[in-house]
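Input: a single structure, listed below in structure tokens.
The values are calculated or read from the model by the stated rules, or taken from the named source; none is laboratory data. Predicted, not measured: the structure shown is a model, and the values here were computed from it. Virtual Cβ from ideal backbone geometry, glycine too; neighbours counted across all protein chains shown.
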């Protein structure tokens with residue numbers, strides 16, 4: 001289904017050279033070069049820069065590679081769908097942001113699999129930008145993300161509205177408070193998500209709206225592992241600002257305390273996003289129903 005020249009192009013890019021691609025594909029180097037020349041003639045472009053010692057794509061080459069990856073991903077999905085139909089099975093690849101992976105979504109997906117034994121779900125946890133890139137290349141069927149969608153590329157279903165709060169150890173003085181002032185956080189050791197995380201972007205935006213900057217606070221650590229952040233905060237080694245949904249179980253069990261910042265508005269939507277041509281509306285309806293059931 002996919003032209004062998006397209007597969008050769010992707011292998012050259014991934015391997016970083018014609019020789020390594022030839023070895024990987026069990027072809028001669030002239031055969032690999034011939035495939036690339038054929039593509040260049042077909043599209044009337046130069047795929048790689050001619051004056052560079054290392055292999056570098058031209059702007060036109062980058063566009064071609066982007067769509068080549070999409071073609072390969074679509075073919076892979078088609079083959080999987082055909083195999084699923086033959087065996088009465090269904091495979092789904094679902095992307096979760098780290099925060100979504102820490103709340104109820106894994107439970108939702110597990111319950112769906114329990115109710116549909118023929119379904120196999122592969123979960124990928126990654127940053128929101130990487131998940132969008134995977135979606136664009138059809139490397140994912142669905143994704144659960146927080147925040148605004150990038151343009152009109154995907155359809156979405158609103159699952160929930162979440163908000164950021166300060167989390168502390170139960171032994172911390174803040175744990176007995178109904179709310180705290182933003183200025184009080186300046187006297188604390190903060191353990192925050194990395195700057196690229198969606199919850200961190202939301203917090204940084206709130207600080208900016210207050211005429212503040214994270215540089216004015218004592219940030220002792222930044223990391224993307226939400227579970228580790230909760231573990232460190234639970235040991236009273238610092239406080240953090242994370243999504244309420246990501247710490248609901250720990251708060252209920254008394255292992256953490258969640259305290260709002262007074263007059264702060266740091267809410268964001270949690271959405272299930274899918275391709276315009278996603279052909280299983282029943283899956284979407286059931287995932288939303290399970291999410292509502294256990295919320």
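Based on what the data block shows, is residue 231 without any contact (Cβ under 8 Å) to a residue 40 or more places away in the chain, assigned by TED's automatic domain parsing to the domain that holds residue 184 and either in contact with a helix residue (DSSP H, G or I) (Cβ under 7 Å, 6 or more places away or on another chain) or part of a helix (DSSP H, G or I) (or both)?
Working: without any contact (Cβ under 8 Å) to a residue 40 or more places away in the chain: yes; assigned by TED's automatic domain parsing to the domain that holds residue 184: yes; either in contact with a helix residue (DSSP H, G or I) (Cβ under 7 Å, 6 or more places away or on another chain) or part of a helix (DSSP H, G or I) (or both): yes.
Yes: the conditions hold for residue 231.
Of the residues in the stretch 50-83, how many are surrounded by 14 or more Cβ atoms within 10 Å (Cβ to Cβ) and farther than 25 Å from residue 132 by Cβ?
1
Among the listed residues 100, 21, 77, which satisfies the condition of being more than 30 Å from residue 153 (Cβ to Cβ) and assigned to a helix (DSSP H, G or I)? It would help to see each step written out before you state the result.
Working: 100 fails: more than 30 Å from residue 153 (Cβ to Cβ); 77 fails: more than 30 Å from residue 153 (Cβ to Cβ).
Testing whether each residue is more than 30 Å from residue 153 (Cβ to Cβ) and assigned to a helix (DSSP H, G or I) leaves just 21.
If you go through the stretch 207-228, how many residues are assigned to a helix (DSSP H, G or I), under 19 Å from residue 127 (Cα atoms) and touching a residue at least 24 places away in the same chain (Cβ under 8 Å)? Break it down stepwise before answering.
First, pick out the residues of the stretch 207-228 that are assigned to a helix (DSSP H, G or I): 207-209, 214-216, 226-228.
Filter again for under 19 Å from residue 127 (Cα atoms), leaving 226-228.
Filter once more, keeping what is touching a residue at least 24 places away in the same chain (Cβ under 8 Å): 226-227.
Result for the stretch 207-228: 2.
Considering each residue of the stretch 161-191, count those that are under 30 Å from residue 143 (Cβ atoms) and surrounded by fewer than 18 Cβ atoms within 10 Å (Cβ to Cβ), and give that number.
Here is the first cut: in the stretch 161-191, the residues under 30 Å from residue 143 (Cβ atoms) are 161-167, 190-191.
Now drop any that are not surrounded by fewer than 18 Cβ atoms within 10 Å (Cβ to Cβ), which leaves 161, 163.
Adding up the residues that qualify gives 2.
For the stretch 252-284, which residues satisfy the criterion of being free of Cβ contacts under 8 Å to residues at least 12 places away in the same chain and either assigned by TED's automatic domain parsing to the domain that holds residue 144 or surrounded by 15 or more Cβ atoms within 10 Å (Cβ to Cβ) (or both)? Before the answer, list the steps.
Narrowing the stretch 252-284 to residues free of Cβ contacts under 8 Å to residues at least 12 places away in the same chain: 252-253, 263, 277, 279, 281-282.
Within the stretch 252-284, 277, 279, 281, 282 meet the criteria.
Would you point out the residue of the stretch 197-209, among those that are over 20 Å from residue 271 (Cα atoms) and surrounded by 13 or more Cβ atoms within 10 Å (Cβ to Cβ), that is farthest from the chain's Cα centre (by Cα)?
207
So residue 95 fits all but one of (1) touching a helix residue (DSSP H, G or I) at 6+ places or on another chain (Cβ under 9 Å); (2) more than 30 Å from residue 118 (Cβ to Cβ); what number is the exception?
Tallying (1) touching a helix residue (DSSP H, G or I) at 6+ places or on another chain (Cβ under 9 Å); (2) more than 30 Å from residue 118 (Cβ to Cβ), residue 95 fails exactly one: (2).
Taking the stretch 167-188 as the search range and keeping residues that are part of a strand (DSSP E or B) and at pLDDT 95 or above, which one is farthest from residue 109 (Cα to Cα)? Even if it seems obvious, please write down each step before you answer.
Here is the first cut: in the stretch 167-188, the ones part of a strand (DSSP E or B) are 167-168, 180.
After this cut, where a residue has to be at pLDDT 95 or above as well, the list is 167-168.
Numbers: 167: 27, 168: 29 Å.
Restricting to residues being part of a strand (DSSP E or B) and at pLDDT 95 or above, the top hit is 168.
Just one of (1) modelled with pLDDT of 90 or more; (2) surrounded by fewer than 21 Cβ atoms within 10 Å (Cβ to Cβ) trips up residue 225, so point out which.
Condition not satisfied by residue 225: (1).
Quick check on this structure: which one of 249, 289 is under 15 Å from residue 100 (Cβ atoms), surrounded by fewer than 20 Cβ atoms within 10 Å (Cβ to Cβ) and free of Cβ contacts under 8 Å to residues at least 12 places away in the same chain?
Values: 289 fails: under 15 Å from residue 100 (Cβ atoms).
After applying the criteria, what remains is 249.
Using the structure shown, decide if residue 194 is outside any helix (DSSP H, G or I), in the same structural domain as residue 280 (by TED's automatic domain parsing), on the phi < 0 side of the Ramachandran plot and surrounded by fewer than 19 Cβ atoms within 10 Å (Cβ to Cβ). Spell out how you get there, then give the answer.
On the way: outside any helix (DSSP H, G or I): yes; in the same structural domain as residue 280 (by TED's automatic domain parsing): no; on the phi < 0 side of the Ramachandran plot: yes; surrounded by fewer than 19 Cβ atoms within 10 Å (Cβ to Cβ): yes.
So residue 194 fails the test.
Suppose we keep only residues that are assigned to a helix (DSSP H, G or I) and out of contact with any strand residue (DSSP E or B) (no Cβ under 6 Å at 6 or more places or on another chain) within the stretch 234-265. Which one would you say is modelled with the highest pLDDT?
Kept after step one, since they are assigned to a helix (DSSP H, G or I), are these residues of the stretch 234-265: 234, 244-252.
Checking which are out of contact with any strand residue (DSSP E or B) (no Cβ under 6 Å at 6 or more places or on another chain) leaves us with 234, 246, 248-250, 252.
Numbers: 234: 95, 246: 84, 248: 85, 249: 87, 250: 92, 252: 91.
Among those that are assigned to a helix (DSSP H, G or I) and out of contact with any strand residue (DSSP E or B) (no Cβ under 6 Å at 6 or more places or on another chain), it is 234.
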